[in-house]
Amino acid sequence: RLQEWGPLLSLAIPSMGMMFSEWVSLEINNIFSGFGTREELAAFGITFQLSGICWASASGTFIAASVLVGNAIGEGKPLLARRMAFCCLFMTVTIALLNLIVVSLAKNLIPRIFTDDKKVISIVHSLLKYFFIYHVFDAFQSGVMGVLRGCGKQKLGAYVILLVYSIVGVPLGIILFLKTGFGIGALWFGPAFGVMVAGFPVYMYILLYHIKWGELKAHTDSQELSGVIVEENVDEVLVCSNDSSENGEEGNSKNDDKKTILNGKTSQNNTPTLTRSPSPQPIGQQKRYQVETNVAREGTE
């Protein structure tokens, strides 16, 4: 049955917006590189592919940030979530810096993988200084997006990405490219300016001041759980399925006996009961439910 789509879509649509806004803006940026010379287009294409490879090498930390932060909040440990967030961001920036070291050492080799044209290689070298700035801050930004997903603040992330790329970075680069003599480097300068000047201060403010780490709660704390059984200790639950018995006469059968035993006790009535433990519910603690069910033996002889 299609139920509870509201909470799902409230997280899914902003998450899609975070990726979609950045992707569309960079693809538009890529399209405008076609207004340059053939050499400029080739050089921009090489650096664009290099950017994707470097981003992918650090993408594991973005995913880890989302999972670790979300799990910590779900366990009722928001301060652990903060430590996980900053550890993942540190690892992200570290990997990005290692990428830059590798690219710097192989800056003459990488363009030759794509072309032998000396003019294209020269333009690639001129674009690397903008690419270096962009990659470090873009990796940091992607890490912050992972943290926001773990905190359930996808909508905030979508707004910031829209500001950084669609409003500031990409339009600035396109204007400089078409209206000034900046050259193809403007298409890297714009996004680099957006993530560094418009994005980085906003991300630091969000991490240090906007997110109230001690007040973060799991999403399920504010929702009614219906028809869901959360078991804290599966060792306390024993489910027995009895064998069906048969009569000597043909056509007669008995239904399978089913008993659900919790904590060594068996309910003696037919009515399922749902009870909640009376213990207080601190932040993020799982709600414990106990179900005692007994299905009476029925059969015809």
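Net length available on complete extension from Glu75 to Leu98 is 4.9 nm, with 0.36 nm assigned per residue and the Cα-Cα distance removed. The order of the peptides 8-17, 62-71 by mean Cβ neighbours within 10 Å, most packed first, is 62-71, 8-17. Using 0.36 nm per residue and subtracting the Cα-Cα separation, the extra length available between Lys107 and Val24 on full extension is 27.1 nm. Here the stretch 5-222 is treated as an ellipsoid with the same Cα gyration tensor; its semi-axes, largest first and in whole Å, are 35, 18, 13. Subtracting the Cα-Cα distance of Arg83 and Tyr205 from 0.36 nm times their residue separation leaves 42.3 nm of extension gain. Look at the Cα gyration tensor of the stretch 23-66: its axes a ≥ b ≥ c give a/c of at least 1.5 with a/b at or below b/c, and that counts as oblate. When you count the other C-beta atoms within 10 angstrom of each residue and take the mean per peptide, 156-168, 199-211 line up highest first as 156-168, 199-211. Hydrodynamic radius of the stretch 80-174 by the Kirkwood approach over all distinct alpha-carbon pairs: 15.5 Å.
The simple spin-label model puts a point 7 Å past each Cα toward its Cβ; for Tyr159 and Ser57 those points are separated by 3.6 nm. In this calculation the C-beta distance from Lys212 to Gln3 is compared with R0 = 25 Å, giving a FRET efficiency of 0.20.
FYI, it's all coordinate maths here, none of it is from the lab. Everything numeric here is computed off the predicted structure, so don't read it as measured data. No Cβ is skipped: glycine too gets one built from the backbone with ideal geometry, and neighbour counts run over all protein chains shown.
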